[in-house]
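All remarks here apply to the structure that follows.
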Amino acid sequence: VAAPPPSDLGPAEALRRNEALAANFWELRRRADIYYAYSYIHSYIQEPFTTLLPEHVFNCALFLWNILASSGFSAQPVQALLAQVQGGPEAEAAYLEKVRAEAAQGSAQQSRGHLKEVPLGISRVYILYALAKQAQSLGACRLARTAYDKLQVLRVPPSWQHQIDLACLAIRSKPYSDQDDLLPVCNWCMTTNPLLRSNLDACTNCGHPFIRTFLGFDILPLVEFQPDTDIALEEAQSLIAQEPNARKSQNSDGWHESTRGGAEVMSLSEGPMPGDEAGTDLFVQKMLDAASYFVPGEPYQPVRIDRETLVEL
Ligand SMILES: [Zn+2]
C-alpha cells in the first residue's frame, strides 16, 4: 500500500524518492530471505532431531554470515523501512533525513571496528555455532577456525562453553585450509571465491551476486544479463520467446551437414545438447568478453546483450 507521491516534488526529488523506494524494496526482500534462512538454523539448534543435510545447514549459515557481516547491510527495524511507503509525506521526509544521518553515523561506527547490529530475533551465536560445526564436518577447517575464534569473543550459553573451547583446540590440529570443492566459483568471471565474503554474498572479483536456491541455499549456475538500453522490455521478452535460428535450421532427423577442413561432414546429433548449441555459445561469448573487460574495483554491471543474442536464448 504505497502512499501517493507528494505533488510538489521536483524531478530530482522524485528520482531520489524512487531510488529510496527501490533500495527499501531490496532491503525488505533481503530481510525476508534472512529470516527464511535463519528459520533453518534456529530449528537446527533448538530441535532435538534434525532432518537437515549438513550442506544445507552449512549453506544457510554461510549465506547469513556473508550478508550480516557486509557493510552494505543495514539492520534497521522493518517498521522503519516500511515507514516511507505507509506513512504520509511527513513520514517520508523524516525517513529520508534519518537514513542520511544513519549512513553518516554508520560509516563512522564501522571505522571504529564495532560489530554490526543484527536484525531483531536473530542470534549471531546460533549462526556461528552452526557454521563452525558444519564447516568442521565438511572439511572447511579454515572457516571452522575463523568461526570458533569469533565465537570466543561472544557470550554463549554456559552449557556450550566447554564444548566450544574443546572444539577450538581440536580444530588447531587440522590444516589451515578449506576443501577445494567447497569453494564457490563465480559463474560469470570463473574466479574461485573464498567462503567468507563480506560483500552481500557476491563475487569478490566482479561483484556478480551469487544467486541461491531456496531449496538448500546452494548457488545456482545463473548469470544476470541486461538487454541493451535501446531495447524495450516487451521487445526483449518477445525476442527471448522466439525460437533460436540455429535450432530452426537443424534437420529434424538429427543428422546435420557441415564442412570441416574442406571435407563435407555428416554427423548424427542426439537432440540438442546443452552448452553445445550456437545459442548458448553466443551468450557465453558475450559473457566471457564482458568478464575480460572488467576492471576490478569498478561497480558491478550486469552483462549487456544485443537483439541477436536475445533471440538465441
Ligand atoms: Zn565473478
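Read-outs throughout are calculated quantities, based only on the coordinates presented, and are distinct from any laboratory measurement. As the structure is a computational prediction, the values presented were derived from the model and not from experiment. A quick note on method: Cβ atoms are made from the backbone with ideal geometry, for glycine too, and the neighbour counts reach across all protein chains shown.
A Förster radius of 25 Å, combined with the Cβ-Cβ distance separating E55 from I211, puts the computed FRET efficiency at roughly 0.90. Let's test the formula: R0 of 41 Å, r as the Cβ-Cβ distance of A93 and R307. What FRET efficiency results, to the nearest 0.05? For A93 and R307, the calculated efficiency is 0.40. Full extension of the chain segment joining S123 with I240 gains 37.8 nm, where the gain is 0.36 nm per residue of separation less the Cα-Cα distance. With both labels modelled 7 Å from their Cα along Cα-to-Cβ, the R17 to D165 distance reads 6.0 nm. The packing ranking, built from the mean of other Cβ atoms within 10 Å per residue, places the peptides 197-209, 163-175, 52-64 in the order 52-64, 197-209, 163-175, highest first. Is the C-alpha gyration tensor of segment 26-73 telling us rounded, prolate or oblate? Criteria: a/c under 1.5 is rounded; beyond that, a/b larger than b/c is prolate, otherwise oblate. Prolate.
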